[in-house]
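First the structure, in the form of structure tokens, and then the observations on it.
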Amino acid sequence: MNELVDAMDSKGKWYKGFVAEEKEDWRGEILKKVHFFNFDSKWDEWYSNENIEKIAPYLTYCEEAEEIYF
């Protein structure tokens, strides 16, 4: 967890964020919850293997690093 990523939101726009939580679903698939920087947690999104292409290494699609405090 706390892996820095670029992630595509539900509207198709890329944002910087981090993996805030991981869990296993009933099928044994790992789900990743991404928290987007500068957004309230209500905008966090879950990603599964079916949409994992919407998560990329940090700064792949976004520019400028954030000051990050965990």
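The values are calculated or read from the model by the stated rules, or taken from the named source; none is laboratory data. Note that the structure is predicted; figures quoted are calculated from it, not measured. Please note: Cβ atoms are built from the backbone with ideal geometry, for glycine as well, and neighbour counts cover all protein chains shown. When the accessible area is computed, the model is the full protein with side chains, heavy atoms only, and any ligands, DNA or RNA have been set aside. Shrake-Rupley method; radii C 1.70, N 1.55, O 1.52, S 1.80 Å.
Structure values in brief
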item: For the chain: rounded, prolate or oblate by the Cα gyration tensor [a/c cutoff 1.5]; result: prolate
item: Length-normalised contact order of the chain in % [C-alpha pairs under 8 Å, at least 6 apart]; result: 32
item: Where trypsin sites (Lys or Arg not before Pro) fall in DSSP loop in the chain, at most 15 other Cβ within 10 Å; result: Lys11, Lys13, Arg27
item: Rounded accessible area per residue of the chain, 1.4 Å, Å²; result: 71
item: Carbon plus sulfur fraction of accessible area for the chain, probe 1.4 Å, in percent; result: 48
